[in-house]
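Worksheet: the structure to be examined is printed underneath.
The values are calculated or read from the model by the stated rules, or taken from the named source; none is laboratory data. In this text the structure is predicted, and so the values were computed from the model without any measurement. No Cβ is skipped: glycine too gets one built from the backbone with ideal geometry, and neighbour counts run over all protein chains shown. Each accessible area value is taken on the protein alone, full model and side chains, heavy atoms only, with ligands, DNA and RNA left out. Shrake-Rupley method; radii C 1.70, N 1.55, O 1.52, S 1.80 Å.
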Amino acid sequence: MLDQLRQRLPDYKRTELPLALPEAAVLMPLIDDPEPRLILTVRSSTMPTHAGEVAFPGGKRDPGDRSLLMTALRESQEEVGLDPGYVEVLAQLSPLASRYGMKVTPFVGIVRPEAPLVAEPGEIETIFQVPLRFFLDEVPELSSPIDFFGRRFRIPSYYYEDKRIWGLTAFMILDLINHVYDANIAFEVTD
């Protein structure tokens, strides 16, 4: 699975998001394993936004961040203790707008399996892993269409164990698997 990821991601064509919004970045970390797993978090219930939601490690760009990749790696280290030295960054995906008015750019990275992960208790309630194959085998539940920044979408939701993976996180996963594994799961509504 990771071989296909490495082969197909260089052909990924990013689309721009022509919105003047504050920037954020996340890391989509995959454990380097014959059955790769995505590392996800459950945000602390005390967080001002996304409280209790499933998310990739990441956050708002700081003025000192030289790039959005630096933001994604810094935030991953702060939130889950992931040292950037354990990460092989493969690609930057297309940015998406969050419901909180942020322009969020995802980066796909392969993480060495021995990388220690420790949740920052002020931000992260728990860290968990989901086999990438789960997203290829399961069809997401899609909401009724919503209008968002002039486009129409169906919000995807996956249910893994007792966790709901939805919204921006699910959009990012679908973007990845649609490109790399030809999942062909349409979430944008075109009339």
Just to be sure I understand the model, the point goes 7 Å from the Cα along the line to the Cβ. What's the resulting ARG66 to GLN7 distance in nm? 3.4 nm
Positive-pole candidate from THR41, GLY59, LEU17, dipole of the chain, charges at beta carbon: LEU17
R0 = 41 Å: FRET efficiency of SER144 with GLU114, Cβ-based, nearest 0.05? 0.40
Rounded to a whole number, what % of the accessible area of the chain do carbon and sulfur atoms account for, probe 1.4 Å? 50 percent
Nonlocal amide H pairs with GLY109, under 5 Å, H built at 1.01 Å: MET28, LEU30, LEU90
Magnitude of the Cβ-charge dipole of region 1-151, K/R +1 and D/E -1, about the Cα centre, nearest 20 debye? 540 debye
All aspartates and glutamates inside 17 Å of LYS60 as judged from Cα atoms, apart from same-chain residues fewer than 8 positions distant: GLU23, GLU75, GLU78, GLU79, GLU120, GLU123
I need to check one value: relative contact order of the chain, counting alpha carbon pairs closer than 8 Å and at least 6 residues apart, in percent. 24 percent
Over all pairs of different Cα atoms in region 1-116, the reciprocal of the mean inverse distance gives a Kirkwood radius in Å of 14.8 Å
Probe 1.4 Å, protein heavy atoms only - accessible area per residue of the chain in square angstrom: 49 Å²
